[in-house]
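**Q** Before I ask anything, let me first share the structure, which is written out below as structure tokens.
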Amino acid sequence: MRNPSEIQTILNSLRSQGHENEVVEFKEAKNQYDFNKLGKYFSALCNEANLKNKHSSWLVFGVKDNDKSIVGSNFRTNRADLDNLKAEIASQTTGRLTFIEIYEVFETEGRVILFEIPAAPKGIPIAWQGHYYGRDG
């Protein structure tokens, strides 16, 4: 598990990149987010991290995609509900793979959630509900 200072540095670094890529995705997710879409992103980001030889990839809630400004997210504000997401994702992925960790950062503009997604094991793509996902651009 990473410490709060390290997570803050990662958030700042991801936002300063200026764009999404195969291993970074930003979503406003101000209140809710579709569970099935979350699972598809998990599969795609997992598989792309493997292809890019990265240890992990990142899905970030509470940040606008176009300008990387923080808008805050009320997605699963109860920490136990957020932690339960690990088991919920694992129940529908290849090999029961799930998040490395789910981090919360509280900025003055609002709460940001960083999902650290592991790279798929070499030679074993990760499916969501039996379908394999990837990213393009």
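**Q** Which residue is nearest to residue 91 (Cα to Cα), if the candidates are limited to the range 20-46 and must be assigned to a helix (DSSP H, G or I) and aliphatic (A, V, I, L, M)? Steps first, please.
**A** Taking the range 20-46 and keeping what is assigned to a helix (DSSP H, G or I), we get 35-46.
Subset that is aliphatic (A, V, I, L, M): 38, 44-45.
On the way: 38: 13, 44: 17, 45: 17 Å.
The selected residue is 38.
**Q** Return the only residue of 105, 112 being assigned to a strand (DSSP E or B), of a type outside the set (Gly, Ala, Ser) and in contact with a Gly (Cβ under 6 Å, 6 or more places away or on another chain).
**A** Numbers: 105 fails: in contact with a Gly (Cβ under 6 Å, 6 or more places away or on another chain).
Of 105, 112, the one residue that is assigned to a strand (DSSP E or B), of a type outside the set (Gly, Ala, Ser) and in contact with a Gly (Cβ under 6 Å, 6 or more places away or on another chain) is 112.
**Q** Within the range 48-69, track down each residue that is closer than 15 Å to residue 115 by Cβ and of a type outside the set (Val, Ile, Thr). First the steps, then the outcome.
**A** Step one: list which residues in the range 48-69 are closer than 15 Å to residue 115 by Cβ, which gives 48-49, 54-63.
Once the filter is applied, which keeps residues that are closer than 15 Å to residue 115 by Cβ and of a type outside the set (Val, Ile, Thr), the range 48-69 yields 48, 49, 54, 55, 56, 57, 58, 59, 61, 62.
**Q** Within the range 106-137, restricting attention to residues that are within 25 Å of residue 13 (Cα to Cα) and among the hydrophobic types (A, V, I, L, M, F, W, C), which residue is surrounded by the most Cβ atoms within 10 Å (Cβ to Cβ)? Full working, then the answer.
**A** Here is the first cut: in the range 106-137, the residues within 25 Å of residue 13 (Cα to Cα) are 106-120, 134-137.
Now narrow it down to the ones that are among the hydrophobic types (A, V, I, L, M, F, W, C): 106, 112-115, 117, 119-120.
On the way: 106: 10, 112: 25, 113: 24, 114: 22, 115: 26, 117: 28, 119: 22, 120: 24.
Here the answer is 117.
**Q** Quick one: is residue 54 open to solvent by 50 Å² or more (accessible area, probe 1.4 Å), touching a residue at least 40 places away in the same chain (Cβ under 8 Å) and part of a loop (DSSP other than H, G, I, E, B)? Don't jump to the end; show me each part of the working.
**A** Working: open to solvent by 50 Å² or more (accessible area, probe 1.4 Å): yes; touching a residue at least 40 places away in the same chain (Cβ under 8 Å): yes; part of a loop (DSSP other than H, G, I, E, B): yes.
Taking the combined requirement at face value, the residue satisfies it.
**Q** Still on this model: Quick one: would you say residue 65 is within 21 Å of residue 10 (Cα to Cα), more than 13 Å from the chain's Cα centre (by Cα) and assigned to a helix (DSSP H, G or I)? Give the derivation first.
**A** Working: within 21 Å of residue 10 (Cα to Cα): yes; more than 13 Å from the chain's Cα centre (by Cα): yes; assigned to a helix (DSSP H, G or I): no.
For residue 65, the condition - within 21 Å of residue 10 (Cα to Cα), more than 13 Å from the chain's Cα centre (by Cα) and assigned to a helix (DSSP H, G or I) - is not met.
**Q** With the condition kept exactly as written, say whether any residue in the range 78-90 is touching a helix residue (DSSP H, G or I) at 6+ places or on another chain (Cβ under 7 Å) and open to solvent by less than 50 Å² (accessible area, probe 1.4 Å).
**A** yes
**Q** Return the residues of the range 24-34 that are open to solvent by 20 Å² or more (accessible area, probe 1.4 Å) and touching a residue at least 12 places away in the same chain (Cβ under 8 Å); say none if nothing qualifies. Even if it seems obvious, please write down each step before you answer.
**A** As a first pass, look at the range 24-34 and keep what is open to solvent by 20 Å² or more (accessible area, probe 1.4 Å): 27-28, 30-34.
Result: 27, 28, 30, 31, 32, 33.
The values are calculated or read from the model by the stated rules, or taken from the named source; none is laboratory data. Quick caveat, the model's predicted, so the values are computed rather than measured. Methodologically, a virtual Cβ is constructed for each residue, glycine included, from the backbone with ideal geometry; neighbour enumeration extends over all protein chains shown. Just so you know, the surface numbers come from the protein's heavy atoms only, side chains and all, with ligands and any DNA or RNA stripped out. Shrake-Rupley method; radii C 1.70, N 1.55, O 1.52, S 1.80 Å.
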